[in-house]
């Protein structure tokens, strides 16, 4: 008896639902992603196998690079505002409420406080391109010491906690520049601080 041959029909899959899901996921990731803000003073940190994370709050970061330049950054908008108010009183430099709001949102900076208003008046996109000479830290005008001191006071006033310090130094920076910052910390009895490093694979 002869076999009956069935005609093969071409199959097709409706991809409409898959396209919808793909676009929904793409939209979700775009809306929830956080853009990486370019560093004002990019540094190449030394490598380390330590994986301890820096705290998300109550932290001040001192960045050293660009041939002995020092930049300063603080976590927390209210702490930044209060620190700026204390520095304003110390140096007699007046800042408006708008200046304080801008400073609260700004990333790290590296200018004398007398020139800080010029940086605040710039658009956020232009600040990262602006040439900043670094915060003075010599014996005649040690503004870095005052920033650290007043940031510690502000952190206690706002959060009732001690401020933690992190040093982020360029791997190519000379040791005396790093030691100078450490000496400023030790003068304020700060003997415990974090060193920011890049992650290196452990040797097998």
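The values are calculated or read from the model by the stated rules, or taken from the named source; none is laboratory data. Note that the structure is a prediction, hence the values are computed from the model and not measured. A quick note on method: Cβ atoms are made from the backbone with ideal geometry, for glycine too, and the neighbour counts reach across all protein chains shown.
Taken over the stretch 116-129, the criterion of being out of contact with any helix residue (DSSP H, G or I) (no Cβ under 9 Å at 6 or more places or on another chain) and surrounded by 13 or more Cβ atoms within 10 Å (Cβ to Cβ) is satisfied by 122, 128.
Taken together, 143, 132 contain a single residue that is at pLDDT below 95, at negative phi, surrounded by 19 or more Cβ atoms within 10 Å (Cβ to Cβ) and more than 13 Å from the chain's Cα centre (by Cα), which is 132.
Counting residues that are closer than 28 Å to residue 159 by Cα, which helices (runs of 4 or more DSSP H) fully inside the stretch 76-147 reach at least 2?
On the way: elements: 77-91, 97-105, 116-120, 124-127.
It comes to 77-91, 97-105, 116-120.
Kindly indicate whether residue 63 is touching a strand residue (DSSP E or B) at 6+ places or on another chain (Cβ under 8 Å), modelled with pLDDT of 85 or more and buried (at least 16 other Cβ atoms within 10 Å of the Cβ). It is true that residue 63 is touching a strand residue (DSSP E or B) at 6+ places or on another chain (Cβ under 8 Å), modelled with pLDDT of 85 or more and buried (at least 16 other Cβ atoms within 10 Å of the Cβ).
Annotation note: of 168, 179, 161, 189, the sole residue that is at pLDDT 90 or above and assigned to a helix (DSSP H, G or I) is 179.
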